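Please read the structure below before turning to the comments.
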Amino acid sequence: VPLKQGRSLMDWIRLTKSGKDLTGLKGRLIEVTEEELKKHNKKDDCWICIRGFIYNVSPYMEYHPGGEDELMKAAGSDGTDLFDQVHRWVNYESMLKECLVGRMAVKPAVPKDYHEEKKVLNGMLPKSQVPDALAKEGPVSPSYDWFQTDSLVTIVIYTKQKDVNLDSVIVDHQYDSFRAETIIKDYSYLIHIELSHAIQEDFSVRVVANVGKIEIVLKKKENTSWECLGHPLENHNSLIPKKDTGLYYRRCQLISKEDATHDTKLFCLMLPPSTHLQVPIGQHVYLKLTIAGTEIVKPYTPVSASLLSEFKEPVIPNNKYIYFLIKIYPAGLFTPELDHLQIGDFVSVSNPEGNFKISQFQELEDLFLLAAGTGFTPMVKILNYALTNISSLRKVKLMFFNKTEDDIIWRSQLEKLAFKDKRFDVEFVLSKPTSEWNGKRGHISLDLLSEFLKRSSDKSKVLICICGPMPFTEQGMRMLHDLNFSKDEIHGFTA
């Protein structure tokens, strides 16, 4: 929603640093019961619980980009689920630390029947007593083993799944912590260990896809025999629903920065040598910077280094680099700070998130892409992947909406690609063109879409991907439903 003058994120940071009492408790922290929380449910007295902590969000009401009504949905109650649905990635601990009222009081867990033999511990049944139905919901839990030679240690993860690949596993070795997270459907299997001996920075990751086995080969710093792999850290050897795992960050170095348009730049970041991370197609990561003492986080979709490089001789991909096309907003808080970074500076990058599945490309014949502005970013890898790997593909069409010709990202690359690959076609639509513009004009509309979305045959398998500012995406998806495309044929990118 449009915020009043003086209610920007930077204004909020200034207020939190001003020393003003934002909780009304003069710095005291209290335990809050459910009954007490319920009483604080008005705009000028609004407490919300997130992950067991209570915040007085009344002072924040006018600064909330989603508007006051959205915050009021959780007034006087536990807003964790709502928060996770809308923006789980926002660093609320940092942004609301001056609004912290205290912790939720934990109710003592009392079994309903005192004669019950089952022991209830902190309100949870022991694992053996979890009903079978619950246990069957998730995938079969993976397991791991390890073995060593004089110079190497190999950790083997048995996922018990067939569709595992190199981007299913994320490995980080930071300080004393070794962390390997394997994504299995909507779950995350974690190996988290303080290794018993030092290892070298670089390691290799191999996947044996047909048996679902992952091998991580570490190089010992000293050729000594290890008696054990190490000591388990938090959540080691656990399978957790992905939505319940926190975001994990590593520091990446800015390697290069070049202009893509007058206000959009291509940033290249390098992963640490002790990280293995490949962002799956159609997924995004979060970039984190500390601005005026507050951690600010924003989602971005990585792109390929270029639209054309993949169409030369096959190149072995170097997965140490991640590229982003980012529009710099002069009046913004985050992007100018990003733009001011010098080559060699660091940015924190999270694990990937997103619900785009590569299986949507199977036997695909027609791929239609609708993008507005930097909503073009997820389309870059999709274009590269589809044209290179999908043999059933007959045509790919991109309709790219912008204000002016100067705003079109990678226009010459798109035109070259259309010239090189006869399956690909691009149409530019401008909302504020000059009088010389001969192409399409206006905004997304039923007329434009019905003309654009022509199948190559009556029953061809179709996928339509749409991404742009939220109103564009929502409006576009409504129009696609009006044109009788099914849910399975539409993927909207909303981060």
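The rows are residues; the columns are (1) touching a Leu at 6+ places or on another chain (Cβ under 7 Å); (2) open to solvent by 50 Å² or more (accessible area, probe 1.4 Å); (3) among the polar types (S, T, N, Q); (4) touching a residue at least 60 places away in the same chain (Cβ under 8 Å).
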residue	(1), (2), (3), (4)
V171	no, no, no, yes
S188	no, no, yes, no
S196	yes, no, yes, no
V205	yes, no, no, yes
G212	no, no, no, no
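Output the residue which, of all residues in region 29-63 that are without any contact (Cβ under 8 Å) to a residue 40 or more places away in the chain and in a loop (DSSP other than H, G, I, E, B), is nearest to F83 (Cα to Cα).
R51
Can you name every residue in region 150-168 that is in contact with a Leu (Cβ under 9 Å, 6 or more places away or on another chain) and in a strand (DSSP E or B)?
L152, V153, T154, I155, listed by residue number.
A quick yes/no check of all residues on (1) over 29 Å from the mean Cα position of the chain (by Cα); (2) polar (S, T, N, Q):
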position: L383; (1), (2): no, no
position: F400; (1), (2): no, no
position: I409; (1), (2): no, no
position: K416; (1), (2): yes, no
position: K420; (1), (2): yes, no
position: T434; (1), (2): yes, yes
position: W437; (1), (2): yes, no
position: K440; (1), (2): yes, no
position: S445; (1), (2): yes, yes
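Can you give me the number of residues within region 180-195 that are of a type in the set (V, I, T) and closer than 15 Å to P232 by Cβ?
Number satisfying all stated conditions: 2.
Is it the case that region 190-198 has a residue that's in the same structural domain as Y321 (by the TED database) and within 21 Å of the chain's Cα centre (by Cα)?
There is no residue in region 190-198 that is in the same structural domain as Y321 (by the TED database) and within 21 Å of the chain's Cα centre (by Cα).
Please work out if I183 is touching a helix residue (DSSP H, G or I) at 6+ places or on another chain (Cβ under 8 Å) and either aliphatic (A, V, I, L, M) or assigned by the TED database to the domain that holds T275 (or both).
yes
Cβ contacts < 6 Å: first residue closer than 17 Å to F376 by Cβ, restricted to region 461-476; second residue among the β-branched types (V, I, T) and in a strand (DSSP E or B), any location; separation 6+ or different chain. Result?
Here the result reads I464/I490; T473/I466; G476/I466, each pair linking region 461-476 to a residue that is among the β-branched types (V, I, T) and in a strand (DSSP E or B).
Is at least one residue of region 217-232 among the basic types (K, R) and within 21 Å of N351 (Cα to Cα)?
No, because not a single residue in region 217-232 is among the basic types (K, R) and within 21 Å of N351 (Cα to Cα).
The values are calculated or read from the model by the stated rules, or taken from the named source; none is laboratory data. None of the values given here were measured: they were computed from a predicted structure. With ideal geometry, Cβ positions are generated from the backbone for all residues, glycine too; neighbour counts draw on all protein chains shown. Side chains included, ligands, DNA and RNA excluded: accessible areas come from the protein's heavy atoms. Shrake-Rupley method; radii C 1.70, N 1.55, O 1.52, S 1.80 Å.
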